[in-house]
Amino acid sequence: MAQEVRGVIAPGKNEPVRVETIVVPDPGPQEAVVRVQACGVCHTDLHYKQGGINDEFPFLLGHEAAGIVESVGEGVTDVAPGDFVVLNWRAVCGACRACLRGRPWYCFDTHNARQRMTLTDGTELSPALGIGAFAEKTLVAAGQCTKVDPAVSPAVAGLLGCGVMAGIGAAINTGNVGRGDSVAVIGCGGVGDAAVAGARLAGAAKVIAVDIDDRKLETARTMGATHTVNSEDHDPVAAIRDLTGGFGADVVIEAVGRPETYRQAFYARDLAGTVVLVGVPTPEMKLKLPLLDVFGRGGALKSSWYGDCLPSRDFPMLIDLHLQGRLPLDKFVSETIRLDEVEQAFERMHRGDVLRSVVVF
């Protein structure tokens, strides 16, 4: 039987979000209903609200979430009612050319639940990133549920569902940061700070955090940055070179997503070094670089989508590292809030007042 729960929707472009009654259908084949325990407030949700993703309003927002599987549909074998899970927005298919080549983190045919959640009047909702977890319960594809150790706090676990995984994965998976490497991270919001933590976890000898906000730089230090650079006061390329013996960093992670910061990342890396773009640009942005410099500097220019993660591999591992005290995921939680406080949380996030607000049910 379908259930009625409370959820946060974005009714139209740039309109304030509001709490509405959401109808959650019973799970169909390969689907699951999850009772949400916590969900982080991510910039991607704000982009949905602003119409920056698409115009398929109304949206059911929220996607950085953890909770308990309540029920599953036909054919579901990987999770069962009662399992504690982190939700992910890339349920791999197992059958596309990437999966068949043994690279499921590049899956080209990820999927979501086939059924739609609705308002009580039957209006279909578009769930953010196929999840829609600013709700007491949500319907997802069973492959979007990743079992992890239930000893972890849901408010912490859910952050792996998007931003924190994107940053950690940009360092470890995409950037292949290794022991003794020098790493620079440009942009120290949630994703950038996660990249700092990931670089430190991977054994980087030097982690240089770059931002224009001293508050964010101080937070980056608590995540493992060994040096900080305020790029309003100093040329970040020159500063990174000065801190790396004049050579540039082995890996530079760009967590802003703008042409000017990408150019800084490009020129702040060592010869044969790696640039990782994890910041998300907008469609109108263009980048111009001398092709001779692209050729002559060698190395690799990479993009990192969701940290090139494989949720079934990475989520349990990172949760275990957190429980061992080796990965401070709890430091990303700036505050816990109620479901009806999401609009105010967007405002605090926009001002840079918080790293992550987390809705706790």
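The values are calculated or read from the model by the stated rules, or taken from the named source; none is laboratory data. What you see is a predicted model, and the numbers here were worked out from it, not measured in a lab. FYI the Cβ positions are ideal-geometry reconstructions off the backbone, even for glycines, and counts take in every protein chain you see. When the accessible area is computed, the model is the full protein with side chains, heavy atoms only, and any ligands, DNA or RNA have been set aside. Shrake-Rupley method; radii C 1.70, N 1.55, O 1.52, S 1.80 Å.
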Full-stretch length increase - Phe295, Arg263 - with 0.36 nm per residue and alpha-carbon distance subtracted: 10.0 nm
Under 11 Å, Cβ to Cβ, from Ala32 - net charge with Lys/Arg +1 and Asp/Glu -1: -3
Mean separation of Cα contacts under 8 Å (6+ apart) over length of segment 130-240, as relative contact order %: 19 percent
Qualifying trypsin sites (Lys or Arg not before Pro) for segment 7-70 [loop in DSSP, other Cβ within 10 Å: at most 15]: Lys13
Accessible area of His350 in the full protein assembly, 1.4 Å probe (Å², nearest 10): 140 Å²
For the chain: accessible area per residue (Å², 1.4 Å): 43 Å²
Neighbour cut-off at most 15 other Cβ (10 Å), DSSP loop, GluC sites (Glu not before Pro), segment 255-361: Glu284
Net length gained if the chain between Arg6 and Arg101 were fully extended (0.36 nm per residue, minus Cα distance): 30.0 nm
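Counting only protein heavy atoms and a 1.4 Å probe, tell me what percentage of the chain's accessible area is made up of carbon and sulfur.
Heavy-atom surface of the chain belonging to carbon and sulfur, 1.4 Å probe: 50 percent.
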Scaled radius of gyration (Cα, divided by 2.2 N^0.38 Å) that segment 84-178 gives: 1.23
Computed accessible area, Thr261, all protein chains, 1.4 angstrom probe, square angstrom: 20 Å²
Backbone HN-Hα couplings from phi across segment 176-188 [Karplus 6.51/-1.76/1.60, Hz, Gly and Pro as x]: 6, 4, x, 4, x, 5, 9, 10, 10, 10, 9, x, 10
Length released on extending from Val280 to Ser303, taking residue separation times 0.36 nm less the Cα-Cα span: 7.3 nm
Stokes-Einstein D (µm²/s) once Rh is taken as the Kirkwood radius of segment 199-269 over alpha-carbon pairs, at 10 °C in 1.306 mPa s: 130 µm²/s
Convex hull of Cα atoms in segment 1-85, direction-averaged projection (nm²): 6.0 nm²
Solvent-accessible area of Val19 with every protein chain in place, 1.4 Å probe, in Å² to the nearest 10: 60 Å²
Structure-derived semi-axes √(5λ) of the Cα gyration tensor in Å: which label, when the choices are [x] 35, 21, 19; [y] 37, 25, 20; [z] 34, 29, 20: [x]
Candidates per chymotrypsin sites (Phe, Trp or Tyr not before Pro) in segment 102-176, loop by DSSP, up to 13 other Cβ within 10 Å: Phe108
Over the chain: helical MRE at 222 nm, DSSP H runs n ≥ 4 each giving -39500 (n - 2.57), nearest 500: -7000 deg cm²/dmol
Net charge, Tyr306 excluded, C-beta distance under 11 Å - Lys, Arg +1, Asp, Glu -1: -1
Charge context of Gly192, other residues only, Cβ under 15 angstrom, K/R +1, D/E -1: +1
Cβ-Cβ FRET estimate between Asp320 and Cys93, R0 fixed at 30 Å, reported to 0.05: 0.65
Considering only the chain, percent of DSSP beta bridges that pair antiparallel, nearest 5: 55 percent
